[in-house]
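**Q** Structure below; questions to follow.
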Amino acid sequence: MLVGCFTVNLRPFLRNLMKQLLLIPNVRKYFLAFQSSDFRWLWTGGLGGHSAYWGLIVVRGVLVLQVTNSPSMVGITTFAAMAPRFFTPPLAGYFSDRYTRRTVLLTGYIAQILHSVLLTMLGILGVLGPWSIVALAIFNGAVRSFQMTATQSLIPNVVPKEHLLNAVSLNMISTHGSKFLGPGLMAIPLIFLNANWGFAICGGLYLTGLVGIFRIKARTTGGIKKGTSFGASQKEAIIYILQSNSLRTLFILIMLHCSLTMAYESLLPIFAKMVLNNPTSGVSYLMMGVGIGSVVFALVVAGISSNQVRGRMLFILGIVSGISLIGLAFSNNFASAIFFTAMMGGSQVGFMAIANSMVQTIAPDELRGRVTGLNQINIGGTMAILNLFNGIIAGNIGSDYVLITWGILFTLVMIISLLLNTPRLLYKGIT
């Protein structure tokens, strides 16, 4: 009864608080997309779901490292959660253009809740081994690709076009800022309880996400006609991407950025153990640093209204993404490590928010689900390969050397891109 009364009283309070914030001129520009109630619920649902995902990344990594004492196995486990993004995004894009995007999201959240319940029960029964964790991580990653594709396809349907960059940036806060909330919550069971409690908490987070998605009113889909085959629908999207210089260049930049700078999940448990000498809660603190930086930088990008500024920031944040990896590699204490993980998270989120908003702007609505699905291969597929590779090689040469190598390479990629015409146009805000 008390909980029900609290919930009823809390809703009008939050609505009034948001209205008051939007009346403040200097604050309003950062939260324009929140004027849409559907976007607010989509954002809230995403925050719960993404927090659960990043929480699972931490709990699985720590548990596997404790049980096997194998950095390579941590890399395999993280790879398992990301590997489905090689083959499921095109299917997710097809479903997001063929069926109601809200329905695709609801189905995904229900599947994730059941997955978390199974993890918890297997842990309680004492039959959750490393390879069981890997198998369930594959399922978790496969469903997440449907969630992310449907979410990104739905965003342009619930906000006006002029608020799209703001909406994508705010969505990045729920996606990457949840690296603070999810891993932060996992620190409690990892220090004081056990991994089973972490799995249960993640199930609760997925449940909050389901409630948010259920409240969305928009019922939108793409432009796949009944009877169109999966292959034909994908061919249409691929041809469109290849014929657009801007889209083609953005896909290449996103692929290189994600593979070289964002495949760090398998490195952080190893870095926390070998460099910072804190293999349990240390990785949670590092991920929280990533989350804090993500929130700050995403808010900065959310306030950008000029296409020219947006283009310049794409280049600057790309450079910072590379340099911050090098800074983390040279960190030998928590203060400097958290600072550079915050710079990593912030610059990566800012870069991806701008790049993804450009992709969403260029892609027509009837193709958006499929274009987004193919872009998810760029994002998740390449990260999966590099996470596997990084986890294996870091056990041999050290996580710091891996960070330095990829940081230098991507910094060079951004500098060399200035020699090409289409990237230069993108950096001027011309799509």
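**Q** Inspect the stretch 341-362 for any residue being surrounded by fewer than 24 Cβ atoms within 10 Å (Cβ to Cβ), touching a helix residue (DSSP H, G or I) at 6+ places or on another chain (Cβ under 9 Å) and without any contact (Cβ under 8 Å) to a residue 12 or more places away in the chain and give the result as yes or no.
**A** No, the conditions are met nowhere in the stretch 341-362.
**Q** Which fully enclosed helices (runs of 4 or more DSSP H) of the stretch 336-431 have 1 or more residues being more than 20 Å from PHE251 (Cβ to Cβ) and not small (Gly, Ala, Ser)?
**A** 382-397, 399-417
**Q** Checking the condition surrounded by fewer than 17 Cβ atoms within 10 Å (Cβ to Cβ), over 22 Å from the mean Cα position of the chain (by Cα) and more than 29 Å from GLY303 (Cα to Cα), which residue from ILE393, ILE397, ILE430 passes?
**A** Just one listed residue meets the conditions, ILE397.
**Q** Then there's this: When both residues are 6+ apart or on different chains and their Cβ atoms are under 7 Å apart, which pairs have a first residue that lies in the stretch 308-322 and is closer than 9 Å to LYS428 by Cα, and a second that is surrounded by fewer than 22 Cβ atoms within 10 Å (Cβ to Cβ) and at pLDDT 90 or above?
**A** Pairs found: GLY311/TYR427; ARG312/TYR427.
**Q** If you take the residues of the stretch 375-387 that are surrounded by 21 or more Cβ atoms within 10 Å (Cβ to Cβ) and out of contact with any Ser or Thr (no Cβ under 7 Å at 6 or more places or on another chain), which of them is modelled with the highest pLDDT?
**A** First, pick out the residues of the stretch 375-387 that are surrounded by 21 or more Cβ atoms within 10 Å (Cβ to Cβ): 375-376, 378-384, 386-387.
With the extra rule that they be out of contact with any Ser or Thr (no Cβ under 7 Å at 6 or more places or on another chain), the set shrinks to 375, 378-379, 381, 384.
Working: ASN375: 85, ASN378: 79, ILE379: 79, GLY381: 70, ALA384: 72.
Result: ASN375.
**Q** Among (1) hydroxyl-bearing (Ser, Thr, Tyr); (2) over 25 Å from SER305 (Cα atoms); (3) buried (at least 19 other Cβ atoms within 10 Å of the Cβ), there is one condition SER417 misses while meeting the rest; what is its number?
**A** (2)
**Q** Could you check how many residues of the stretch 58-70 are in contact with a Gly (Cβ under 8 Å, 6 or more places away or on another chain) and buried (at least 24 other Cβ atoms within 10 Å of the Cβ)?
**A** Here the count works out to 2.
**Q** One residue is enough: does the stretch 60-67 have a residue meeting the conditions modelled with pLDDT under 80 and out of contact with any helix residue (DSSP H, G or I) (no Cβ under 8 Å at 6 or more places or on another chain)?
**A** The answer is yes, given that some residue of the stretch 60-67 is modelled with pLDDT under 80 and out of contact with any helix residue (DSSP H, G or I) (no Cβ under 8 Å at 6 or more places or on another chain).
The values are calculated or read from the model by the stated rules, or taken from the named source; none is laboratory data. From a predicted model like this one, the values you see are computed outputs, not experimental measurements. Cβ coordinates were reconstructed from backbone atoms using ideal geometry, including for glycine residues, and neighbour counts include every protein chain displayed.
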